[in-house]
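Report on one structure; see the data block that follows.
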Amino acid sequence: MIYLDHGATTPVDEAVLQEMLPYFTKEYGNASTIYSLGQSAKKAIHTARKNLAEMIGSEINEIYFTAGGSEADNWALQASARAFREKGRHIITTRIEHHAVLNTCKALEREGYDVTYLPVDAQGVVSPTAVQQAIRPDTILVSVMAANNEIGTVEDIAAIGAICKEHRILFHTDAVQAFGKIPLNVEEMHIDLLSVSGHKIYGPKGIGFLYIRNLTGIGPLLYGGSQERNRRAGTENVPGIVGLGAAAVRAAEHMQEEAAREEALRSRLLERILKEIPDCRVNGFATIREGENGPCRSLPGTLNVSFPGIEAESALIMLDMAGICAAGGSACTTGALEPSHVLSAIGRSEGEAKGSLRFSLGKENTPEEMDRVAEELKRIVERLRSIRI
Ligand SMILES: *Cc1c(COP(=O)(O)O)cnc(C)c1O
């Protein structure tokens, strides 16, 4: 099998699993207890928190564990809205956010908040100037994702953060796709809230964290016990937290070399697709950097291509029969018939959007696999296009 859907989820790294295992069985203590079994769990949570804080340049006590990226996004938006409703009810976000952000915004609109959904350019870039121009006296929060899950575009988070700081408006970024793949620093980028998920970086599913800058005044999303310094109730998911911490440490250790490796695989696949399959189009940036050592404009391992004249669903079934896992649009919208909101936002027609495939690469992929995928794709696209005539 060739797995090219790391944007949807990743396998748990074997070494990460080994670090987690004792916390299911021998070290099962509740971290809130005073006997040593509980203290050992507490210590493990502290180590994970410390490593995660180090990775984003935050204080240790600014990391709050959640049940994943969606919860972190919900918390950031809902709690900000609630905390600042007396100051104003205007939120700025973009048209290309993950549904965890977009649908939370929709829910807030029903509660009387006003949301501006900023457009993006043809590559999916949010203009920092557009963010600045959208700010009103009643704006309380800006939420712009660090990297897009469907097309891989990396946003200018530092510039947007600086604008928010200047206007004293909270800045949230959904960094679920970016964390562990590109450098992130909450101080340099002026980020107040940042969402992360474990299962996109070879950690377990159902665990993530929200970074909350100290003194922001954000309250809890979930009420109950005093875990996570009274801000996120519920007995800690100790194995999950240990797994998230271990996965993050590994990602940080190999970030540069793995980015370079995936970038090379991505261009190998793209070059062959463009050369061998007529009439197709990259969604997002064709190359991930501007210049030799320029900043990343795209995630190194995410490639989204439109093949007009085919239906992504049929191509995915045929790819699956050939042992290849890929995605059409984003996994969360599979099953829904509407074309991807991200592809519409970058100006793709309905036909182009419906014939789009996402290949998201990971650490176990090889150059030979890219060649196999290109060959199978060529065959499948030709076949599907000939059937349609
Ligand atoms: C996967 C993903 C999420 C959701 O994270 P879960 O841990 O699956 O809830 C949120 N935002 C982005 C950009 C994602 O890719």
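Just checking, which of GLY198, GLY208 is within 16 Å of the ligand (Cβ to nearest atom) and touching a Pro at 6+ places or on another chain (Cβ under 7 Å)? After ruling out the rest, the residue left standing is GLY198. Has the stretch 219-232 got at least one residue that is closer than 30 Å to GLU376 by Cβ and polar (S, T, N, Q)? Checked the stretch 219-232: no residue is closer than 30 Å to GLU376 by Cβ and polar (S, T, N, Q). Apart from one condition, GLU109 fits all of (1) surrounded by 18 or more Cβ atoms within 10 Å (Cβ to Cβ); (2) away from the ligand (no atom under 16 Å from the Cβ); the exception is (1).
Only a single item in (1) more than 20 Å from THR235 (Cα to Cα); (2) crowded, with 17+ Cβ neighbours inside 10 Å; (3) within 16 Å of the ligand (Cβ to nearest atom) is not met by SER80, and it is number (3). All conditions in (1) surrounded by 21 or more Cβ atoms within 10 Å (Cβ to Cβ); (2) within 16 Å of the ligand (Cβ to nearest atom); (3) touching a residue at least 60 places away in the same chain (Cβ under 8 Å) hold for PRO11, with the sole exception of (1). Contact map, the stretch 110-139: residues that are within 25 Å of ALA79 (Cα to Cα) and at pLDDT 95 or above paired with residues that are polar (S, T, N, Q) and assigned to a loop (DSSP other than H, G, I, E, B), Cβ distance under 8 Å, separation 6+ or inter-chain. Pairs shown: LEU118/SER127.
When residues of the stretch 70-120 are filtered for being part of a helix (DSSP H, G or I) and among the β-branched types (Val, Ile, Thr), how many remain?
Of all residues in the stretch 70-120, those part of a helix (DSSP H, G or I) come to 70-83, 99-110.
Then drop every residue that is not among the β-branched types (Val, Ile, Thr), which leaves 101, 104.
Matching residues across the stretch 70-120 total 2.
Determine, yes or no, whether ARG95 is basic (Lys, Arg), assigned by TED's automatic domain parsing to the domain that holds TYR211 and within 16 Å of the ligand (Cβ to nearest atom). Before you say what the answer is, go through the steps one by one.
Details: basic (Lys, Arg): yes; assigned by TED's automatic domain parsing to the domain that holds TYR211: yes; within 16 Å of the ligand (Cβ to nearest atom): yes.
Taking the combined requirement at face value, the residue satisfies it.
When you scan the stretch 367-387, how many residues do you find that are out of contact with any helix residue (DSSP H, G or I) (no Cβ under 8 Å at 6 or more places or on another chain), within 30 Å of ASP13 (Cβ to Cβ) and not charged (D, E, K, R)? Adding up the residues that qualify gives 0. Identification of helices (runs of 4 or more DSSP H) wholly contained in the stretch 223-283 with 1 or more residues that are among the hydrophobic types (A, V, I, L, M, F, W, C) yields 238-253, 255-276.
Is there a residue in the stretch 145-164 that is more than 16 Å from the ligand (Cβ to nearest atom), at pLDDT 95 or above and in a loop (DSSP other than H, G, I, E, B)? Yes: one or more hits.
The values are calculated or read from the model by the stated rules, or taken from the named source; none is laboratory data. Because the structure is predicted, anything quoted here is derived from the model rather than measured. Glycine also receives a Cβ, built like all others from the backbone with ideal geometry; neighbour counts cover every protein chain displayed.
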